[in-house]
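To start, the structure itself, in structure tokens.
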Amino acid sequence: MSDKPTIETRFEKGLFAARWLMAPMYLGLVVSLGMLVIIFVRELAYYAPQVLSMAADQGILAVLTLIDLSLAANLLLIVLFSGYENFVSKLDIDDGADRPSWMGKVDFSGLKMKLIASIVAISGIHLLKVFMALGKGDADHAPTAETLQWMVIIHLTFVTSGVLLALMDWMAAKTDKH
């Protein structure tokens, strides 16, 4: 029998149950994933009919756009599944062949690293798309030198953040646990 007062036990159970307040947020992420699917299909429907008349660089830009959306959707799935399993409840689903091997194994540190890696990849693809579009003669949509500079600075900030997060995780793994 516990020596804790009843009010403390009830309070702690209430705190623990509060994790379910996150569930609507994960449901919102599912809706967001649906939104990304619609945007992906819209982009695919826009580019597919043009494929026979596209120049190679236009084709690459189209594919990079689709990859960008796919990476964002992958990131959303990782956050959705890992966040739910780490902070709300384990997913009680069949552990069959369809279950991704990383599910149930990505802790907060791993989630953080996957998140920053995805952000760096998305940022890099966006930057590559902008660089490929330079010199196409569309002065109305061409970024200024200052805009390009800021885009590179922001991308390098993401890269540096990723390296620093990995370094902190590595240092934390080397130290004795408290």
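No value in this document is a laboratory result; all are computed from the given coordinates. It should be emphasised that the depicted structure is a prediction, and the values quoted were computed from it without experimental measurement. We place every Cβ from the backbone using ideal geometry, glycine too, and count neighbours over all the protein chains shown.
Return a single number: how many Lys pairs in the range 6-174, at a sequence separation of 8 or more or on separate chains, have alpha-carbon atoms below 26 angstrom apart.
Taking the Cα cut-off of 26 Å, the pair count is 11.
Can you tell me the 0 to 90 degree angle between the C-alpha axis of helix 23-47 and the longest principal axis of the chain, rounded to 10?
20 degrees
Take the Cβ-Cβ distance between Ala48 and Ala23 as r, set R0 to 41 Å, and report the resulting FRET efficiency rounded to the nearest 0.05.
That pair, Ala48 with Ala23, gives E of 0.65.
Using a 10 angstrom Cβ neighbour count of at most 14 plus a DSSP loop assignment to flag exposed trypsin sites (Lys or Arg not before Pro), which longest range of the chain is free of such sites? Walk me through the numbers before you get to the answer.
Working: sites that count: Lys90, Lys105, Lys136, Lys177.
No qualifying site falls inside 1-89, the longest such stretch.
Any idea what angle helix 145-174 forms with the longest principal axis of the chain, computed on alpha-carbon atoms, 0 to 90 degrees, nearest 10?
It is inclined by approximately 30 degrees.
To the nearest 0.05, what FRET efficiency results for Leu66 and Thr175 with a Förster distance of 41 Å applied to their C-beta separation?
Here the calculated transfer efficiency is 0.45.
What is the calculated FRET efficiency for Asp57 to Val37, with r their C-beta to C-beta distance and R₀ = 25 Å, to the nearest 0.05?
0.40
To the nearest 10 degrees, how steeply does helix 6-17 sit against the main Cα axis of the chain, on a 0 to 90 scale?
The two axes meet at around 20 degrees.
Treat each spin label as a single point 7 Å out from the Cα along the C-beta direction, and report the Asp107 to Lys4 distance in nm.
2.3 nm
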